[in-house]
1. Determine, for Ile188, Ile258, the number of other Cβ atoms within 10 Å of each Cβ, and report the residues in order from fewest to most.
2. Name the aspartates and glutamates eligible as straight-distance cross-link partners of Lys118: C-alpha to C-alpha under 12 Å, and not fewer than 8 places from it in the same chain.
3. In whole Hz and in residue order, list the ³J(HN,Hα) couplings for the range 237-249 that follow from phi through the Karplus curve 6.51 cos²θ - 1.76 cosθ + 1.60, θ = phi - 60°; x for Gly and Pro.
4. Enumerate the amide H contacts of Glu173 below 5 Å, restricted to partners 5 or more residues apart or on another chain; note that Pro and chain-start residues carry no placed amide H.
5. For Ala219, list long-range residues whose amide hydrogen, built 1.01 Å from N in the peptide plane, is under 5 Å from its own amide hydrogen.
6. Apply the Karplus parameterisation 6.51 cos²θ - 1.76 cosθ + 1.60, with θ equal to phi minus 60°, to every residue of the range 222-228 and state each ³J(HN,Hα) to the nearest whole Hz, in sequence, with x for glycine and proline.
7. Output the pairs from Lys40/Lys151; Lys192/Lys232; Lys121/Lys232; Lys48/Lys121; Lys49/Lys232 with a Cα-Cα distance over 28 Å in this structure; if there are none, say none.
8. Would you grab the residues whose amide H sits under 5 Å from the one on Gly181? Only those 5+ places off in sequence or on another chain, please, with H modelled 1.01 Å from N.
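Where a number appears in this text, it was derived from the coordinates with a stated rule and is not lab data. Quick caveat, the model's predicted, so the values are computed rather than measured. Cβ coordinates were reconstructed from backbone atoms using ideal geometry, including for glycine residues, and neighbour counts include every protein chain displayed.
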Amino acid sequence: MNVEQYIAQIPVLISAYGIKIILALVIFFVGKWLAKTISKFIEGSMAKKSVDVTLSNFITNIIYYLILAFVIIAALSQVGIQTASLIAVLGAAGLAVGLALQGSLSNFAAGVMIILFKPCKTGDFIEAGGAMGTISEIGIFATILLTPDNKTIIVPNSNITGGNITNFSTQEERRVDLVVGVGYGSDIKQVKEVLAELVAADSRILTDKETMIAVSELADSSVNFVLRPWVKASDYWGVYFDLTEAVKVRFDELGIEIPFPQMDVHVTKSGE
């Protein structure tokens, strides 16, 4: 076929494929616009429901690119390109990526659960996943904790949701649990009165809840008392440390013995 024949075929090719190409372009641009519109609508809906921004952006991006992929396949199909093999290749690639990222996907699913169900939030002091600290960031794949001594711990989200989560920040009030041991020769009534005086002297201890002062154990070397006052969560450690120190100082002043573990050893001579 010479050049003249090729030129003569141009109108036929244009009439055969021109409309298909135009329709494919229309499908692509309209589909792209719809993908943006739908993703923006979903993003706005999640913002009204106070969904975390990180999760919102991630979901809207996934929706946008999924719709765009279907649009591209539809446009190529309109031109006459066989898309069945392309879909099969994409499916196989998606399966391979899913298997390779199985651990990451489980962390992602756990991150979505944390953000949606909110067992903890940024700023909470928690114990979870074998770590304890204040949450500085909840990401899609991991949660970042700051320890009281200012260390950063990055915990995979699946480790957090896979076990117990102890959240120390959800309640406004907490109970301080102290164990105070005294010698067997101490006056139990006096010890209780001294502990009650120390509790009454600390203004941070809540008076609308009863403070428990009771003998909890007759141990090997001591009589153990439990001292359990209620405080505001923000005052917990301050009261814990100050009350421990106050008990020691006051007991020393009154001569109340705080025993330490000891053992009596009896040595006998052989033959006796």
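1. On the way: Ile188 11, Ile258 14.
In order of increasing Cβ crowding within 10 Å: Ile188, Ile258.
2. Asp52
3. 5, x, 5, 4, 6, 5, 5, 4, 5, 4, 4, 4, 4
4. Ala233
5. Correct list: Asn224.
6. 7, 9, 9, 10, 9, 10, 10
7. On the way: Lys40/Lys151 38 Å; Lys192/Lys232 23 Å; Lys121/Lys232 19 Å; Lys48/Lys121 19 Å; Lys49/Lys232 31 Å.
Too far apart for the 28 Å limit: Lys40/Lys151; Lys49/Lys232.
8. Excluding prolines and chain starts, which carry no amide H, the hits are Phe225.
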